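Working notes, structure below.
The values are calculated or read from the model by the stated rules, or taken from the named source; none is laboratory data. Here the structure is a predicted model, which is why all the values come from computation and not from measurement. Note that each Cβ is placed from the backbone with ideal geometry, even for glycine, and that neighbours are counted across all protein chains shown.
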Amino acid sequence: MKIALPDMISNSYFPAAAAVELGFFREEGLDMSLELIFPVDKTYAALRDGQIDFVAGSAHSALSAFPQWDGVKLVCAQAQGMYWFLVMHKDLGAKRGELDVVKGRNIGAAPWVEMGLRRLLIEAGYDLQRDAITIAPVPGAAPGGTAPVNFGLMAARALEERKVDGFWANGMGAEVAVRRGVGTIVLDVRRGDGPKQCFNYTMASIATSDKLIKESPDKVAAAVRAIVKTQQALKADVNRAAEAGRKLFPPSEAELIVELIRRDLPYYDPSISPEFVAGMNQFSRDVGILKGDVPYERVVATQFLPGLI
């Protein structure tokens, strides 16, 4: 079986990657391989087309390949809350929460990821056209290239080279930019920055097709158990993140992963609540990727929620 994610050198989808590298899928009887498919809409397209079995990505992005949640379900969370950071160049002098720094600036963000920042800024009272805010792919990370894209690291490099004024990306990219002395974290939504409703715009989830749920429910249940075991193992001993990180990341990023995962542990809850789905659906309607309301049971495969399997 195959599980794909849109960014490998990242803490965002680490529970899924670690479940492969630490052997938790294998413990559940699944021969699971890990693939990188960027950007996230292509990851979900691969699921739709039967090329992969699971997506470890942003929950709302399932709508890119499965309009109105037709044919796909979320089966568990990797972690709670929208998990991207707004990082601006240090020379701009912004402090945490000072959103006015975005006016007149060019901010790099990946496809479908950028929707979170666009909507956040609107809800915070900004008008992208009036305030001359440009949100676009980072140079060199546009879809269609042949080289694997690890967006957070590319964004940090683009910021260092002043190809962008800031970026909206994962915690690894944010940490690298800060440690290199070129970036300042302006927003960390997961930890309370920005309008309150932004927390439930999306989450890092595990999704699969209705087809696999119908044909192999036992395998889907096993995959959920593997993710839950991985979360529990990292909570019990966060240093196990280093074991997986050494297999997945270059040495410099492998050194950072334990601390990044330590910060994320409070959000390692595999449940997907009706409150979250309501918030994500509202966000999806606001950005024009969902029409009307979709019931919780059409978004989440409730039979696999932790505690039921």
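When we screen 16, 46, 65 for residues that are buried (at least 24 other Cβ atoms within 10 Å of the Cβ) and either at pLDDT below 95 or in the same structural domain as residue 249 (by TED's automatic domain parsing) (or both), the only hit is 16. Among the candidates 49, 53, 70, the residue that is touching a residue at least 12 places away in the same chain (Cβ under 8 Å) and either over 21 Å from residue 276 (Cα atoms) or of a type outside the set (Lys, Arg) (or both) is uniquely 53. Identify, from the list 221, 169, 156, the residue that is surrounded by 23 or more Cβ atoms within 10 Å (Cβ to Cβ) and more than 16 Å from the chain's Cα centre (by Cα). Answer to the selection: 156. Scanning segment 150-172 for residues that are under 12 Å from residue 10 (Cα atoms) and either of a type in the set (Ser, Thr, Tyr) or touching a Leu at 6+ places or on another chain (Cβ under 6 Å) (or both) gives a single hit, 171.
Return yes or no: is residue 87 in contact with a strand residue (DSSP E or B) (Cβ under 6 Å, 6 or more places away or on another chain) and either crowded, with 22+ Cβ neighbours inside 10 Å or within 23 Å of residue 123 (Cβ to Cβ) (or both)? Considered against the rule, which asks whether it is in contact with a strand residue (DSSP E or B) (Cβ under 6 Å, 6 or more places away or on another chain) and either crowded, with 22+ Cβ neighbours inside 10 Å or within 23 Å of residue 123 (Cβ to Cβ) (or both), residue 87 comes out as yes. No other residue among 205, 209, 216 is among the polar types (S, T, N, Q) and without any contact (Cβ under 8 Å) to a residue 24 or more places away in the chain apart from 216.
Against the condition surrounded by fewer than 24 Cβ atoms within 10 Å (Cβ to Cβ), assigned to a helix (DSSP H, G or I) and not assigned by TED's automatic domain parsing to the domain that holds residue 62, how does residue 185 come out, does it pass? Answer is no for this residue. Where helices (runs of 4 or more DSSP H) fall entirely within segment 198-309, those with at least 2 residues that are polar (S, T, N, Q) and under 22 Å from residue 68 (Cα atoms) are at 274-286. Applying the set (1) touching a Lys or Arg at 6+ places or on another chain (Cβ under 7 Å); (2) more than 27 Å from residue 126 (Cα to Cα) to residue 82 leaves exactly one unmet item: (2). Among the residues making up segment 88-145, those that are part of a helix (DSSP H, G or I) and among the β-branched types (Val, Ile, Thr) are 101, 102, 122. Looking at the structure I just gave you, is residue 285 out of contact with any strand residue (DSSP E or B) (no Cβ under 6 Å at 6 or more places or on another chain), surrounded by fewer than 16 Cβ atoms within 10 Å (Cβ to Cβ) and more than 20 Å from residue 201 (Cα to Cα)? When the stated conditions are applied, residue 285 does not pass them.
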